[in-house]
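The values are calculated or read from the model by the stated rules, or taken from the named source; none is laboratory data. It should be emphasised that the depicted structure is a prediction, and the values quoted were computed from it without experimental measurement. Here the Cβ positions follow ideal geometry from the backbone for every residue, glycine too, while neighbour counts run over all protein chains shown. Heads up: the accessible areas ignore ligands, DNA and RNA and are worked out on the full protein's heavy atoms, side chains in. Shrake-Rupley method; radii C 1.70, N 1.55, O 1.52, S 1.80 Å.
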Amino acid sequence: QVQLVESGGGLVQPGGSLRLSCAASGSTFRINAMGWYRQAPGNQREWGAVITSGGSTNYADPVKGRFTISRDNAKNTVYLQMTRLKPEDTAVYYCNANALYGSTSYTHWGQGTQVTVSS
C-alpha cells in the first residue's frame, strides 16, 4: 500500500557530499514517520535518522552533525543530505516509512541505494 523508491547513491570522495532521495507512493497519507538506515556487508543494519509527521528529527551518533534528514510533503519525498563523508559511511542506505492502517502500524522499506566513500 506504500511503495518507496530510493535514488542518489554513488561514489564520492572522503569529505564530499551526497543527497539521497526516497519517493513514496500509494497510501502516503497513512505515513506518520520516515527514516534512513544503512547496512555494510557483514554488519547489522543500523538506524541513522528519522523525521516524524510533525517535523521532529533525530540522528544516530555516527551521523549527527554531518547528515540532515528533510522532507517535501508536496512531493511525498524524504531526503538525506550527507556531508563530510567518511569511508566508514560506505553502506547500502535504506529508506523506511511507518504507516498506520486503522489501529495497526506497519513498516515499509525501500530497495536500498549504494553509497561508497573512497579516494
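Details
- Rolling a 1.4 angstrom probe over the stretch 7-92 with all protein chains present gives an accessible area of which 47% lies on carbon and sulfur atoms.
- Shape category assigned to the stretch 19-76 from the gyration tensor of Cα positions, a/c cut at 1.5: prolate
- Probe 1.4 Å, accessible area per residue of the chain, Å²: 53
- Largest first, the residues Glu88, Glu46, Glu6 sort by 1.4 Å accessible area into Glu88, Glu46, Glu6.
- Charge tally in the Cβ shell below 15 Å around Val63, where Lys, Arg are +1 and Asp, Glu are -1, Val63 excluded: +3
- Distance between the stretch 20-40 and the stretch 1-19 - C-alpha centres, whole angstrom: 13
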